[in-house]
Amino acid sequence: MVVQALAFYLFAAVTVACGVMVITARNPVHAVLFLILAFFNAAGLFVLQGAEFLAMILVIVYVGAVAVLFLFVVMMLDVNFAELRAGFAKYLPVGAVIGLVLLAELVLLGAGWVFDADTAAVVSSPTPPAAEIHNTEAIGLLVYTKYVYLFQGAGMILLVAMVGAIVLTHRVREGVKRQRIGDQVARSSKDEVKVVKVQTGSGI
């Protein structure tokens, strides 16, 4: 138990530290790398709780796909960060007001939080015993029955984020020819084929 407690505090401390570095790092590439490290430590916390499936999904999906995608998008956008920082003082009051509003909402949420009478029993046994059902099957039963609408909503949010990333990287550059499927389909053979009558022996 002592080793598990030490591992928990170690993973939790590194995760929190990486989260702070993600939002304070000046270099966006370094922020993404700290985010990847936070994902790895969060996966370690899942393993300590016996949720190996969630840990594997976190590493494979978020570290192997999402975080790497973020890294490539940040490197491909070629954003002028000096120009972005120049307007920091201009929007600081608006950002401070929004931050205070969010902080007030969190305080109100924490003050009005009431624990259910069965919370202790649920926390002590969040999933059925391993002899009855595997934790992966238990998660699937919950996600696709009780929380199916929330699951679909999360999928829609990820879809919107993916479309937004594509729109940001899909810039119009001068001198670059793009394929237009509609124009290609609408063209007729008369526009593409030119018949030239050549007399015998004259050549072209």
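Could you tell me whether any residue of the range 79-94 is modelled with pLDDT of 85 or more and either within 29 Å of L168 (Cβ to Cβ) or open to solvent by 80 Å² or more (accessible area, probe 1.4 Å) (or both)? Looking for residues that are modelled with pLDDT of 85 or more and either within 29 Å of L168 (Cβ to Cβ) or open to solvent by 80 Å² or more (accessible area, probe 1.4 Å) (or both), one finds at least one in the range 79-94, hence yes. Return the residues of the range 119-150 that are at pLDDT 65 or above, hydrophobic (A, V, I, L, M, F, W, C), in a helix (DSSP H, G or I) and open to solvent by 90 Å² or more (accessible area, probe 1.4 Å); say none if nothing qualifies. Once the filter is applied, which keeps residues that are at pLDDT 65 or above, hydrophobic (A, V, I, L, M, F, W, C), in a helix (DSSP H, G or I) and open to solvent by 90 Å² or more (accessible area, probe 1.4 Å), the range 119-150 yields L141, L150.
When V2, V47, V32, V22 are checked against the criterion of being surrounded by 14 or more Cβ atoms within 10 Å (Cβ to Cβ) and over 19 Å from the mean Cα position of the chain (by Cα), V47 stands alone in meeting it.
Within the range 54-70, residues that are over 20 Å from H134 (Cα atoms) and of a type in the set (F, W, Y) have Cβ atoms under 8 Å from residues that are part of a helix (DSSP H, G or I) and modelled with pLDDT under 85 in these pairs: F70/V32, counting only partners at least 6 apart in sequence or on another chain.
Scanning the range 151-203 for residues that are open to solvent by less than 90 Å² (accessible area, probe 1.4 Å) and either of a type in the set (S, T, Y) or not in a helix (DSSP H, G or I) (or both) yields T169, G175, V176, S188, S189, V198, G201, S202, G203.
The values are calculated or read from the model by the stated rules, or taken from the named source; none is laboratory data. None of these values were measured; they are calculated from a predicted model. For neighbour counting, all protein chains shown are included, and Cβ atoms are generated from backbone atoms with ideal geometry for every residue, glycine included. Ligands, DNA and RNA are stripped out before the accessible areas are found, and what is left, the full protein with its side chains, is counted by its heavy atoms. Shrake-Rupley method; radii C 1.70, N 1.55, O 1.52, S 1.80 Å.
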